[in-house]
1. Between ARG147 and THR97, take the C-beta separation as r, use R0 = 25 Å, and let me know the FRET efficiency to the nearest 0.05.
2. Once both axes come from the Cα atoms, what is the angle between helix 43-61 and the longest principal axis of the chain, in degrees from 0 to 90, rounded to 10?
3. With labels modelled as points extended 7 Å from the Cα through the Cβ direction, what inter-label distance (nm, one decimal) is found for SER155 paired with ARG137?
4. For LYS80, which lysines qualify as cross-link partners when the Cα separation must be under 28 Å and same-chain residues fewer than eight apart are set aside?
5. Below 8 Å, C-alpha to C-alpha, sequence gap of six or more: please give me the relative contact order for the chain in percent.
6. With a Förster radius of 41 Å, plug the Cβ-Cβ distance of THR13 and ILE37 into 1/(1 + (r/R0)^6) and report the FRET value to the nearest 0.05.
7. So what's the angle, to the nearest 10 degrees on a 0 to 90 scale, between helix 136-153 and the longest Cα principal axis of the chain?
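Rule-based calculations on the coordinates, nothing more; no lab input. Only a predicted model underlies this, so the values are computations on that prediction, with no experimental measurement involved. Cβ placement follows ideal geometry from the backbone for every residue including glycine, while neighbour counts extend to all protein chains displayed.
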Amino acid sequence: MKFVLIDKITALTPGKSLSAVKSVSLAEEYLADHFPIFPVLPGVLLLEGLIESGSWLVRHAQNFAHSMVLLETARNVRYKSFAAPGMQIAYHVQAQTLEENASSFIGEGICGDESIVEARFSLRHFNLSEENPKMARIDGQIVESMRQRWNLLYSE
């Protein structure tokens, strides 16, 4: 399954920081199992919201140069509270480094006035065609798909 954990990009300082929001809905599939009587967004998906936010900052800063922007490391991850249906998470990420093939960030997720997740993480960015030139077409399709999603998430 593919989960999209960013509903809207709310602020952007190109190459430096990005803010986004995620509204948690009871209709989200994973809440049926996590947990049926006390549904909350799983911690790994809270972290994924930060990772997606950092990924969008990389894509924008590098003009969508890479089809793949993936988590390399996550450190100092602290889960402080829960996100239940009806809550909105505000994600804030700040780039520490943003290089051609690697980047690092600090990020925080906040519900209301309460910090619920914090992390330091790094991403690596690449194209599939770097390993297999036959994948160039797939890279192009992924990049185009990401550009289209960007246009839905952020309006300048």
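1. Details: r = 24 Å, r/R0 = 0.96.
Once the sixth-power term is evaluated, E becomes 0.55.
2. So the inclination is approximately 30 degrees.
3. Inter-label distance under the simple model: 3.6 nm.
4. Correct list for LYS80: LYS2, LYS8, LYS16, LYS22.
5. Details: 305 pairs, mean separation 39.6, N = 156.
Averaging sequence separation for qualifying contacts and normalising by length gives 25 percent for the chain.
6. On the way: r = 41 Å, r/R0 = 1.01.
Efficiency computed from Cβ-Cβ geometry: 0.50.
7. Orientation of helix 136-153: about 40 degrees from the principal axis.
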